[in-house]
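All remarks here apply to the structure that follows.
None of the figures in this text is laboratory data; all of them are computed from the coordinates on show. Since the model is a prediction, treat every value here as computed from it, not as a measurement.
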């Protein structure tokens with residue numbers, strides 16, 4: 001089994017870095033091991049459900065279940081391996097929602113004469129997502145690390161390109177002795193411009209998505225289910241409860257996928 005874990009880690013060289021960014025405390029080997037076990041349990045549960053639901057439609061439902069079990073297992077395992085990516089995207093969305101107001105807050109603090117160190121403390125108390133990374137910087141400084149080194153170490157943990165730009169500007173300003181607020185102003189304007197473009201693109205994509213949702217996730221399942229029940233009564237196909245549950249599960253999955261697609265398309269901005 002150790003060979004399998006190492007081979008999977010070889011295919012995913014960035015897994016360790018992703019686990020750190022996603023705040024998952026497992027080592028890559030332990031994370032893969034847990035996902036293999038979880039995938040097997042979930043796949044076995046779906047295997048039993050499919051075998052029970054299909055035994056009235058096909059003669060050898062057990063053989064059918066054994067054929068699709070590896071496919072279900074691979075899909076489940078690949079899905080669970082994406083957990084760090086999902087958590088990273090969630091963190092990035094939270095950062096992008098706060099980055100504009102958090103940066104403005106810090107600029108006002110610095111312009112008011114507040115030292116950069118104290119501005120980091122204040123932003124960490126006001127903005128929970130963005131502030132968490134500044135709190136990490138403060139904690140490292142309190143343990144004796146220089147501010148430049150603390151910012152450099154935190155940069156490796158930041159999943160958002162926008163926040164990395166902010167931290168890079170702060171770091172460069174500290175190294176060169178330039179005004180931090182002036183350096184942040186130009187970066188902030190670029191971030192706001194990019195977010196406005198994202199909102200406009202989302203508006204253009206929303207209407208087609210809504211149309212496809214109504215067509216594929218509402219009209220076709222409703223008409224399809226009705227026609228299936230009508231035709232089954234003509235040809236003598238028995239619509240048992242397991243079959244109806246499978247159909248309902250597929251429809252629910254389709255609805256969830258459209259909901260996830262629309263939600264993931266929405267830009268994480270607060271303008």
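Every pair of different Cα atoms in region 92-181 enters the Kirkwood calculation, which places the hydrodynamic radius at 12.9 Å. When the chain is treated as a GNM with alpha-carbon contacts under 10 Å, the residue of 38, 160, 233 showing the greatest mean-square fluctuation is 233.
Kirkwood-type hydrodynamic radius, region 195-265: 14.2 Å, calculated from all non-identical alpha-carbon pairs. Under the shape rule built on the C-alpha gyration tensor, where the axes satisfy a ≥ b ≥ c, region 132-188 is oblate, since a/c reaches at least 1.5 while a/b does not exceed b/c. With a/c under 1.5 counting as rounded, go ahead and sort region 135-241 into rounded, prolate or oblate using the C-alpha gyration tensor (a ≥ b ≥ c being the square roots of the eigenvalues; past the cut-off, prolate if a/b is larger than b/c, else oblate). Oblate. Taking a ≥ b ≥ c as the square roots of the Cα gyration tensor eigenvalues, with a/c under 1.5 meaning rounded and otherwise prolate when a/b beats b/c, else oblate, which class fits the chain? Oblate.
Divide by every residue of the chain the summed helix terms, -39500 (n - 2.57) for each DSSP H run of at least 4, and state the resulting mean residue ellipticity at 222 nm, rounded to the nearest 500 deg cm²/dmol. Kindly include the intermediate steps, with their values, before the conclusion.
Numbers: 12 runs with 219 residues, N = 271.
Value at 222 nm, helices only: -27500 deg cm²/dmol.
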